[in-house]
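Chemist: One structure is given below, represented as structure tokens, and several questions about it will come after.
The values are calculated or read from the model by the stated rules, or taken from the named source; none is laboratory data. On a predicted model such as this, the values are computed, not experimentally measured, just so you know. Neighbour counts run over all protein chains shown; Cβ positions are idealised from the backbone, glycine included.
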Amino acid sequence: MNSLLFSHKNTKLGLIPSFSLPTASCNKKYVKMQGCHKYCYAKKIERLYPCALKKYQDNYKQSLKAGFVDKISHELKFLGDVIRIHVSGEFYSQEYFNKWVTIIKRFPHKTFYAYTKNLDIDHSQKPKNLILILSDDSFIWRDIHKDYDKVTTLQPVKKAIKCPSSCSDCLKCINPDKGIIHFKKH
């Protein structure tokens, strides 16, 4: 298969390229804990756009292959300076996360950002150009917020930045200041 792994153009992301996996890659333990299965926008995308689900599934299959790091690295040579990892899906294993660490280290001039609910991943070797954002939808993991670059929540929180719903117009999620970002349910 020679298809591209990255998606280009998305209503919310604008021109920011993204790489996604199926929602089936999400850690069920944390999905249940946060209750996001009730309002998951990515599940809605998968249901409404079968071609998106197929792409996410194909990406997952590619992520399991030995050549994944080189294939992604090749595509990144032709992409912009800001890259979104996982509009849909999750770092499903430590090995998979480590593949991304290898990829990101190859491109120190680019900024990568990803949201995660998987607390089982050791991200202590995370490169500086990866902004890792904890998706704490229910705002129940406050004791670990400091371990992430940013935190997002669906709960109204004082001093939280409100997401304007357009990443390409805002990019507050990837600025270097720590903070909390409040999302509306999609």
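Chemist: Of the residues Lys178, Lys110, Lys150, Lys172, which is exposed (fewer than 14 other Cβ atoms within 10 Å of the Cβ) and touching a strand residue (DSSP E or B) at 6+ places or on another chain (Cβ under 9 Å)? Reasoning before the result, please.
Modeler: Values: Lys110 fails: exposed (fewer than 14 other Cβ atoms within 10 Å of the Cβ); Lys150 fails: exposed (fewer than 14 other Cβ atoms within 10 Å of the Cβ); Lys172 fails: exposed (fewer than 14 other Cβ atoms within 10 Å of the Cβ).
Result of the check over Lys178, Lys110, Lys150, Lys172: Lys178.
Chemist: Does at least one position in the range 65-88 carry a residue that is in contact with a Cys (Cβ under 6 Å, 6 or more places away or on another chain) and at pLDDT 90 or above? Step through it out loud before you land on a result.
Modeler: Quick first cut of the range 65-88, residues in contact with a Cys (Cβ under 6 Å, 6 or more places away or on another chain) only: none.
No, that holds for no residue.
Chemist: All but one of (1) modelled with pLDDT of 95 or more; (2) over 25 Å from Lys172 (Cβ atoms); (3) of a type in the set (D, E, K, R) hold for Lys110, so report the exception by its number.
Modeler: Condition not satisfied by Lys110: (2).
Chemist: Quick one: which residue in Tyr56, Tyr30 is at pLDDT 80 or above, hydroxyl-bearing (Ser, Thr, Tyr) and under 27 Å from Cys170 (Cβ atoms)? Step through it out loud before you land on a result.
Modeler: Values: Tyr30 fails: at pLDDT 80 or above.
Answer to the check: Tyr56.
Chemist: Return the residue satisfying two criteria in turn: it lies in the range 40-51 and is under 27 Å from Lys71 (Cβ atoms) and free of Cβ contacts under 8 Å to residues at least 24 places away in the same chain, and of such residues it is surrounded by the most Cβ atoms within 10 Å (Cβ to Cβ).
Modeler: For the range 40-51, the residue satisfying everything is Lys43.
Chemist: Let me ask something else. Do any strands (runs of 3 or more DSSP E) lying entirely in the range 64-179 carry at least 1 residues that are of a type outside the set (Asp, Glu), under 21 Å from Ala42 (Cα atoms) and in contact (Cβ under 8 Å) with a residue 60 or more places away in the chain, and which ones are they? Outline the logic, then answer.
Modeler: On the way: elements: 82-85, 111-116, 130-135, 150-153.
Correct list: 82-85, 111-116, 130-135.
Chemist: Within the range 150-186, count every residue that is charged (D, E, K, R), at pLDDT 80 or above and under 16 Å from the mean Cα position of the chain (by Cα). Please lay out each step first, then the result.
Modeler: The first filter runs over the range 150-186 and keeps only residues charged (D, E, K, R), leaving 150, 158-159, 162, 169, 172, 177-178, 184-185.
Filter once more, so that each one left must be at pLDDT 80 or above: 150, 158-159.
Narrowing further to those that are under 16 Å from the mean Cα position of the chain (by Cα): 150.
So the count comes out to 1.
Chemist: When the residues of the range 119-147 are filtered to those that are under 24 Å from Phe107 (Cβ atoms) and among the basic types (Lys, Arg), which remaining residue is surrounded by the fewest Cβ atoms within 10 Å (Cβ to Cβ)?
Modeler: Checked the range 119-147; the qualifying residue surrounded by the fewest Cβ atoms within 10 Å (Cβ to Cβ) is Lys128.
Chemist: Would you confirm, using the coordinates I've provided, whether Glu90 is surrounded by fewer than 16 Cβ atoms within 10 Å (Cβ to Cβ) and of a type outside the set (A, V, I, L, M)? So that I can check it myself, show each step before the final result.
Modeler: Details: surrounded by fewer than 16 Cβ atoms within 10 Å (Cβ to Cβ): no; of a type outside the set (A, V, I, L, M): yes.
No, not satisfied.
Chemist: Return only the number of the condition from (1) modelled with pLDDT under 85; (2) farther than 28 Å from Ile140 by Cβ; (3) in a helix (DSSP H, G or I) that Leu4 does not satisfy.
Modeler: Failing condition for Leu4: (3).
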